[in-house]
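Structure first, commentary second.
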Amino acid sequence: MFKFPHYCKKTLGLNAAVFLCLSFTQPLYAAKLPNFSAVFDVEAVGLNLGQAKHSMRCKDSICTLKSDAKPSGLAAVFFKDSSHETITLHQTENTLKWQSYHKLGISYKNDIAKEKTMNLKWVPAENKVIYPEKKREWPMQPQLFDVMSIAYAIQHAQLNNLPMKDFTLQDSNFQDKLTLKSTNKRDFLGFEFADNDLDAIKYRFTSKHAEIELWLLPKYNYFPGKIRVVNKDEKTITLSLAEPPKTL
């Protein structure tokens with residue numbers, strides 16, 4: 001039988017003692033993802049392609065996560081394509097739920113810009129995800145996120161000591177269950193902005209169509225310090241923090 005510490009009985013009434021003492025067996029508060037901005041260096045096909053700027057701003061319980069990526073430096077001489085992603089999330093005291101994903105891609109041919117949009121959206125009335133441009137649909141899953149927001153969903157789970165399981169990756173071509181393959185709580189990452197290597201927790205997830213490696217940095221509220229995504233064609237894209245993330 002559970003026994004209350006003697007000081008709880010002495011200083012508090014029974015009802016208050018039950019509430020206060022039991023509260024110490026659970027987190028005292030839920031940890032929300034804060035508003036932030038961050039800059040990542042982007043590497044693919046063995047080349048440094050430029051930078052991606054991520055940001056998130058919440059108003060009440062609705063959060064807007066954005067990514068703007070375009071070539072820079074030497075890569076800009078050969079590549080001009082850019083992408084702009086906007087994700088809507090619903091965040092409460094202890095939950096994070098995906099709502100929608102929008103992507104505007106701008107490509108160039110003979111210096112003529114061509115725009116392409118893609119939308120993924122949760123339809124609550126039917127509890128499904130639709131891709132209207134291609135007339136595709138999938139059932140909604142409890143912990144479903146797109147490839148851009150999944151890193152922050154894992155950060156949210158880490159902050160709240162939630163199980164790292166039952167995540168679903170939503171793509172325009174597929175919907176995959178992610179399986180946690182390994183966890184390394186004693187990894188390190190080097191950054192140009194840091195004098196020494198930073199402690200990191202590394203997670204590796206796999207699915208039918210993709211593999212995701214994610215390094216979270218305890219020093220920065222478990223913010224993603226490095227994100228690596230490998231698709232089924234063995235094409236890899238890696239994002240690494242170019243500077244410390246900023247809380248807004």
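Table for the structure above
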| quantity | calculated |
| --- | --- |
| Most fluctuating residue given options 230, 45, 129, as computed from a GNM of the chain linking Cα atoms under 10 Å | 45 |
| Difference of contour (0.36 nm per residue) and Cα-Cα distance, residue 102 to residue 39 | 20.7 nm |
| Separation of alpha-carbon centers, region 78-128 and region 36-61, rounded to whole Å | 14 |
| Considering only region 146-248, percent of DSSP beta bridges that pair antiparallel, nearest 5 | 95 |
| Extension reserve of the residue 196-residue 72 stretch, reckoned as 0.36 nm per residue once the Cα distance is removed | 42.0 nm |
| For region 26-162, size of Cβ-based charge dipole, Lys and Arg +1, Asp and Glu -1, in debye | 280 |
| Region 62-179: relative contact order as a whole-number percent, Cα under 8 Å and 6+ apart | 15 |
| Enclosed volume per residue, in Å³, of the convex hull spanned by Cα atoms of region 53-194 | 165 |
| Cβ-based charge dipole, region 200-248, positive-most Cα from 229, 217, 207 | 217 |
| For residue 59, net neighbour charge (Lys/Arg +1, Asp/Glu -1) across residues whose Cβ lies under 15 Å away | +2 |
| For region 234-248, Karplus couplings with θ = phi - 60° (6.51, -1.76, 1.60), whole Hz, Gly/Pro x | 6, 7, 10, 10, 10, 10, 10, 4, 8, 7, x, x, 10, 8, 9 |
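Here, each number is a calculation from the coordinates, and none is a lab measurement. Bear in mind the structure is a predicted one, so any value in this text is a computation, not a measurement. Neighbour counts are summed over all protein chains in view; Cβ atoms, including those assigned to glycine, are modelled from backbone coordinates with ideal geometry.
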